[in-house]
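Undergrad: Dumping the structure here so I can ask a few things about it.
The values are calculated or read from the model by the stated rules, or taken from the named source; none is laboratory data. Fair warning: this is a prediction, and the values are worked out from it, not measured in the lab. Note that each Cβ is placed from the backbone with ideal geometry, even for glycine, and that neighbours are counted across all protein chains shown. Just the protein is used for accessible areas: all its heavy atoms, side chains included, with ligands, DNA and RNA removed. Shrake-Rupley method; radii C 1.70, N 1.55, O 1.52, S 1.80 Å.
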Amino acid sequence: MKPILVTGGAGFIGSNFVLNWLRGEASPVVNLDKLTYAGNLANLASVARDSRHVFVQGDIADRELVSSLLKTHQPRAIIHFAAESHVDRSIHSADDFIRTNIEGTFHLLQSAREYVETLSADERKQFRFLHISTDEVYGSLGPNDPAFTETTPYAPNSPYAASKASADHMVRAFHHTYGLPVLTTNCSNNYGAYQFPEKMIPLMICNGVTQKRLPVYGDGMNVRDWLHVNDHCAAIVTVLERGVVGETYNIGGNCEKSNLDVVHEICAILSELRPGPGYESLIEFVKDRPGHDRRYAVDTTKIRRELGWAPQENFTSGLRKTVAWYLENQAWIENVTSGAYRDWLSLQYK
Ligand code: NAD
Ligand code: DAU
C-alpha cells in the first residue's frame with residue numbers, strides 16, 4: 001500500500017493529522033519535520049512503535065533529502081503542512097518565514113515535480129500535492145463584509161500571511177505551468193490538543209492555570225472563525241480523496257467569535273474544571289498587534305456542496321475538551337515550554 005508523505009507532521013495540525021490518519025487509514029505515513037521550536041515528537045508518542053509511521057528529521061528545502069525520500073517511499077501524495085505559523089513571530093522577524101514558507105515550498109514543489117516525472121502514467125494520475133494554507137491570505141473583513149470565498153482577492157497583511165500567499169501562488173503556478181496535480185486548502189483558526197502555547201487559546205489556558213495575566217490585544221474585539229483541528233484534518237482527507245486537481249477549497253467553522261468572548265469562555269471552563277481564584281481578574285488589555293486583522297470569516301459553501309464535508313464539533317464542547325486536555329497534560333506543557341519559550345514570552349509580552 002502506497003504511503004503518503006506529510007511535511008510538518010510534528011507540529012500542531014500535522015501531528016493531529018498523522019494520529020487521525022493512522023487511526024482511520026491502513027496506509028503508512030512518512031513524516032518529514034525539521035523539529036523547530038514548534039515541532040515536538042511528544043505529540044507523536046502514541047505512534048512511536050507503529051511501523052506505519054516513519055519519522056524523518058529534516059528540512060523541506062533539502063532537495064537531496066526530499067528526493068531520496070520520494071524515491072525510496074514512492075508516496076501517492078504529499079500533504080504539505082510545514083511552515084512557520086505564528087503571526088507575532090513574523091512581525092518580530094520574518095526571515096524564517098521567507099526561508100520555509102516561500103523558499104521551502106518552492107524546493108518541495110521542485111522535488112515533487114521531478115518525482116512525478118519518474119511515475120507511470122497511472123501513478124501520475126493518482127498523485128496529489130496538497131498544500132495547506134490559511135484564510136489570512138485574504139486579509140481583513142469589515143463588520144458587515146461577506147465571508148471569504150475562494151475568489152476573494154488576496155490581500156495579506158502580516159509577513160506570515162504574505163509568505164503563505166506567496167507559497168499559494170507558487171503552488172498554483174506549478175499546476176498551470178508544469179501540470180503538477182495540486183490542491184490547496186485555506187483554513188480558518190484551528191484549536192485543539194497539541195497546539196503550541198504561543199497561540200491565543202492554549203496561551204490563555206496555560207496562563208490561567210498558573211495564575212499569570214491573560215494578555216488580550218487591543219480592545220479584544222477582533223474576530224476569528226474557529227474550527228476544531230479534527231474537523232480540519234477530516235476536511236483535508238476529503239479534499240485529498242475527492243478534490244478536483246488545480247482547485248482551492250476554503251475550510252472554516254462558521255463560528256465567529258471575538259477574542260474577548262473566547263477568553264471569557266476559557267475562564268468559565270477553568271472555573272468549573274479547576275475551581276479556584278477568579279480567572280476573569282487575570283484578563284489584561286495589552287498593546288495591540290501591529291497591523292492586526294480585525295475580522296476573519298470563511299464561506300465554506302464550496303467544500304460542503306461539492307465534496308460533502310461539514311464540521312462535526314461545536315465550539316462549546318470542543319473548547320471544553322481542549323481545556324480539559326491541557327489540564328490533563330501538564331507534562332506535555334512542561335516539555336514544550338522550554339527556555340526558548342520563556343525567551344519568546346519575555347520578548348513579546350514585555
Ligand atoms: P506549527 O507551527 O504548529 O507546526 C509547524 C511544523 O512545521 C513544526 O512541526 C515545525 O517543526 C515544522 N517545520 C517548520 N519549518 C520546517 C522546515 N523548513 N522543514 C520541515 N519542517 C518544518 O503549525 P500549525 O499550526 O500546525 O500549522 C500547520 C500548517 O497549517 C501551516 O502551513 C499553517 O500555515 C497552516 N494553517 C494553520 C492554522 C492554525 O490555526 N494553526 C490555520 C490554517 C492554516
Ligand atoms: O486564520 C488562520 C491563522 O490562525 C493561521 O494561519 C495561523 O497559523 C494561526 O496562528 C492563526 O493566526 P492568528 O493570528 O489568528 O492566531 P493567534 O492565536 O496568534 O491569535 C488569535 C487572536 O488572538 C488574534 O486576533 C490575536 C489575539 N491574541 C493572540 C495572542 C497570542 C491576543 O489577543 N493575545 C495573545 O496573547
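Undergrad: For the chain, with only Lys/Arg (+1) and Asp/Glu (-1) charged at the beta-carbon, what is the dipole magnitude about the Cα centre, in debye rounded to 20?
TA: Values: 34 positive and 40 negative charges, 90 e Å.
Roughly 440 debye, rounded to the nearest 20.
Undergrad: Return a whole-number percent for the relative contact order of region 224-350, with Cα pairs under 8 Å and 6 or more residues apart as the contact set. Provide the component values of the computation, followed by the final result.
TA: Details: 94 pairs, mean separation 46.7, N = 127.
Relative contact order comes out at 37 percent.
Undergrad: Same structure again: Which of the pairs K34/K287; K125/K302; K2/K34; K34/K302; K125/K321 have their Cα atoms more than 30 Å apart in this structure? Before the final figure, lay out the partial values.
TA: Details: K34/K287 32 Å; K125/K302 23 Å; K2/K34 23 Å; K34/K302 33 Å; K125/K321 40 Å.
In this structure, K34/K287; K34/K302; K125/K321 exceed 30 Å between Cα atoms.
Undergrad: List, in order, the whole-Hz ³J(HN,Hα) value for each residue of region 133-143 obtained from phi through the Karplus relation with A = 6.51, B = -1.76, C = 1.60 and θ = phi - 60°; use x for Gly and Pro.
TA: So the Karplus estimates, Gly and Pro as x, are 10, 10, 6, 5, 5, 7, x, 10, 9, x, x Hz.
Undergrad: At 222 nm, what value in deg cm²/dmol follows for the chain if DSSP H runs of at least 4 each add -39500 (n - 2.57) and the sum is divided by all its residues, to the nearest 500?
TA: Numbers: 12 runs with 139 residues, N = 350.
Estimated from H runs of four or more residues: -12000 deg cm²/dmol.
Undergrad: Can you list the residues, at least 5 places off or on another chain, whose amide H is less than 5 Å from the amide H of G11, using H built in the peptide plane?
TA: N40
Undergrad: Leaving out ligands, DNA and RNA, and with a 1.4 Å probe, what % of the accessible surface on the chain is carbon or sulfur?
TA: On the way: 7560 of 14840 Å².
In the chain, the share of accessible area belonging to carbon and sulfur is 51 percent.
Undergrad: Under 8 Å for C-alpha pairs, at least 6 residues apart: give me the relative contact order for the chain, rounded to a whole percent.
TA: On the way: 626 pairs, mean separation 60.4, N = 350.
The normalised contact order for the chain reaches 17 percent.
Undergrad: Additional query: Suppose each label sits 7 Å from its Cα in the direction of the beta carbon; what would the A155-R304 distance come out to in nanometres?
TA: Here the answer is 2.4 nm between the modelled labels.
Undergrad: With a Cα-only, solvent-free Debye model of region 1-138, what are the log10 I(q)/I(0) values at q = 0.14 Å⁻¹?
TA: These q points yield log10 I(q)/I(0) values of -0.63.
Undergrad: Starting from the Cα coordinates of region 245-343, work out the convex hull volume and express it per residue in Å³. List each step's numbers first, then the result.
TA: Numbers: hull volume 19.0 nm³, N = 99.
That works out to 192 Å³ per residue.
Undergrad: Right, here's the next one. So, counting K/R as plus one and D/E as minus one, what does the shell of residues with Cβ under 15 Å around S271 add up to?
TA: Working: positive: R274, R320; negative: E265, E272, E280.
In short, -1.
Undergrad: Further question on the same structure: Roughly how big is region 203-350's charge dipole about its Cα centre, with Cβ charges of +1 (Lys, Arg) and -1 (Asp, Glu), in debye to the nearest 20?
TA: Computed about the Cα centre, the dipole is about 200 debye.
Undergrad: Above 12 Å lies some portion of the pair distances; for region 210-249, what is it as a whole percent of all C-alpha pairs? Display every interim value, and only then the final one.
TA: Details: 575 of 780 pairs.
Tail of the P(r) past 12 Å holds 74 percent of the pairs.
Undergrad: If you don't mind, another one. Give me Rg/Rg_expected for the chain, where Rg uses Cα atoms only and Rg_expected = 2.2 N^0.38 Å with N residues.
TA: Its radius of gyration relative to the 2.2 N^0.38 Å reference: 0.97.
Undergrad: Here's another thing I want to ask about it. Report relative contact order for region 129-281 in percent, whole number only (criteria: Cα-Cα under 8 Å, sequence separation at least 6). Please report the intermediate quantities before stating the final value.
TA: Values: 200 pairs, mean separation 39.7, N = 153.
Relative contact order of region 129-281: 26 percent.
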